[in-house]
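The values are calculated or read from the model by the stated rules, or taken from the named source; none is laboratory data. Not measured: the values here are computed from a predicted model. Note that each Cβ is placed from the backbone with ideal geometry, even for glycine, and that neighbours are counted across all protein chains shown. The accessibility values were calculated without ligands, DNA or RNA, using every heavy atom of the protein model including side chains. Shrake-Rupley method; radii C 1.70, N 1.55, O 1.52, S 1.80 Å.
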Amino acid sequence: MNHNFVIIMAGGVGTRFWPFSRNNNPKQFHDVLGTGKSLLQQTISRFEGVCPPENIYIVTSEEYYDLVKKQIPFLNDDQILLEPNRRNTAPCIAYACYKIAQKDPEARVVVAPADHIILKEDIFREKILFALDAAGKEEILITLGIQPTRPDTGYGYIQFIPSESETKKVKTFTEKPQLEIAVKFLESGDFVWNAGIFVWNVQAILKAFTAHLPEVAEVFLAGEQDYYTEQEKTFIEKAYMLCKNVSIDVGIMEKADNVYVVLSDFGWSDLGTWKSLYDVSPKDEQQNATEGNIKLYNTGNCIIKTPKDKLVVVQGLDGYIIAENDGVLMICKIDEEQRVRDFVADAKQLGSQFI
C-alpha cells in the first residue's frame, strides 16, 4: 500500500453549477448533498485504506489553497500542488505524476476528480485496488468504465473489446454523442461511460507522456531537481507558461495502444450539472428535490436549493431549477440547463461578484 498514491483534481470552477459554484468557492468545496462533508472531503474519505494519507496529492488553483488547507488540514504543502493557470487535465496530471515519480519511482497512481459522487464506496475501493494491482504488474493505462443505465448524451463513452479478463482492451473513445448514437452504443453492449478516473504505474504514464505529449514531458521532466524544494513554485509558474491546454483523454488515452478499461458499477455521477444533482437527490411524492426552508404548492419535478434563513414559496411550477446563493437567484427550466453558461457570461458583465 505504501507505493499507492492518489491524485485528486480540484481546480475547476464548475460553471454549469452556477450560482452555487462560484469563482472564489467552486462546487468541490461545497456540501452539495447535505452530508456534512464537501465533495472534496467525500472524495478524500473514500480513498481511506487505498493509500497512506501522506500519499494523497491535491492539484488545484493557487486561489484555492486556503480552502484546501481548511477542509483537508492533514495535508502538508508538498501535497497541495498549485496551478498558476488552468491548462486542462494533461498538464495537471503530468505535474503530479512527475513529482510523485521523483519521490517513488515504483508508485502506482489513481487519478480522480474532486466533484464526483460514488454511492457504493466499498465496491469503488474494490475496483480501485484491483486496478492498482493490475497496474503494478504491467505497464498499462487503466480507466474505469461505468455500466450505462440510459443513453446519456452528457458523458463520454468507451468501447472495449469483449474478453473474459477484468481488464478489457479499449477500442475507441467517443465524446458526448448525439442521442441516436448513444442509443446504439447501449444496444451494442460493448460501450461504457467514461468516468474520468485513471489508474497506472508512474513509469507507464511517464512513457506515455514522452510518446504522445513530448512537449509536456520535456517541461515537467526539467523540474526533477525542483520538486519538494523551495524552487518548485518558481519552476511551475514557468512550466505552465509553456504548456498548451490539452486533456489527458485527447493527449494520451485516445492515442496510446496500452489502454484498458475496468467495468464498474458503484453508483457514479460526475455531478456536472443541476440535472445530475437532481437525478441523485432524494425526492418528495411530487418528485421535487429540495434543500432549504421551502413551501411548495402544485409544484413538481423541480430541484430547489436556497438559503435556510429565507422562506421560499413556490407555486405552479413543473420541471424547474430554483437556486439562490451569495446574492444570485436563478430560475431556469431543467431541460434548458445548458443555458447556465450563457447566464454566467451575461452576469460577468454586471460585475465579478456575481460569478
Out of all the residues in segment 238-285, which are in contact (Cβ under 8 Å) with a residue 12 or more places away in the chain, within 26 Å of residue 119 (Cα to Cα) and of a type in the set (Lys, Arg)?
-> 275
Segment 102-117: number of residues that are surrounded by fewer than 22 Cβ atoms within 10 Å (Cβ to Cβ) and of a type in the set (A, V, I, L, M, F, W, C) | 1
Considering every residue within segment 140-155, establish whether at least one is buried (at least 18 other Cβ atoms within 10 Å of the Cβ) and over 21 Å from the mean Cα position of the chain (by Cα).
-> yes
Within segment 258-278, is there a residue that is touching a strand residue (DSSP E or B) at 6+ places or on another chain (Cβ under 9 Å), β-branched (Val, Ile, Thr) and open to solvent by 10 Å² or more (accessible area, probe 1.4 Å)?
-> no
Under 19 Å from residue 30 (Cα atoms) and in contact with a Ser or Thr (Cβ under 8 Å, 6 or more places away or on another chain): does that describe residue 114?
-> yes
Identify, by number, the condition in (1) open to solvent by less than 30 Å² (accessible area, probe 1.4 Å); (2) of a type in the set (Lys, Arg); (3) under 24 Å from residue 216 (Cα atoms) that residue 87 doesn't meet.
-> (1)
Could you say whether any residue in segment 293-306 is surrounded by fewer than 18 Cβ atoms within 10 Å (Cβ to Cβ), modelled with pLDDT under 95 and not small (Gly, Ala, Ser)?
-> no
Restricting attention to segment 236-251, does a residue exist that is acidic (Asp, Glu) and open to solvent by 80 Å² or more (accessible area, probe 1.4 Å)?
-> no
Please determine, by comparing only the residues of segment 64-80 that are part of a helix (DSSP H, G or I) and open to solvent by less than 70 Å² (accessible area, probe 1.4 Å), which one is nearest to residue 11 (Cα to Cα).
-> 64
Quick one: is residue 327 open to solvent by 50 Å² or more (accessible area, probe 1.4 Å) and either among the small types (Gly, Ala, Ser) or under 24 Å from the mean Cα position of the chain (by Cα) (or both)?
-> yes
Filter segment 19-52 for residues that are open to solvent by less than 20 Å² (accessible area, probe 1.4 Å) and either acidic (Asp, Glu) or more than 16 Å from the chain's Cα centre (by Cα) (or both) and give the result.
-> 19, 22, 50, 51, 52
So which of 198, 220 ends up being modelled with pLDDT of 95 or more, touching a helix residue (DSSP H, G or I) at 6+ places or on another chain (Cβ under 9 Å), open to solvent by less than 20 Å² (accessible area, probe 1.4 Å) and closer than 30 Å to residue 341 by Cβ?
-> 198
Counting only residues that are in a loop (DSSP other than H, G, I, E, B) and in contact (Cβ under 8 Å) with a residue 60 or more places away in the chain, which one in segment 27-62 is nearest to residue 341 (Cα to Cα)?
-> 32
Among (1) at pLDDT 95 or above; (2) within 25 Å of residue 270 (Cβ to Cβ), residue 226 falls short only on (2)
Among helices (runs of 4 or more DSSP H) lying entirely in segment 161-236, which contain 1 or more residues that are touching a residue at least 60 places away in the same chain (Cβ under 8 Å)?
-> 202-212, 214-221
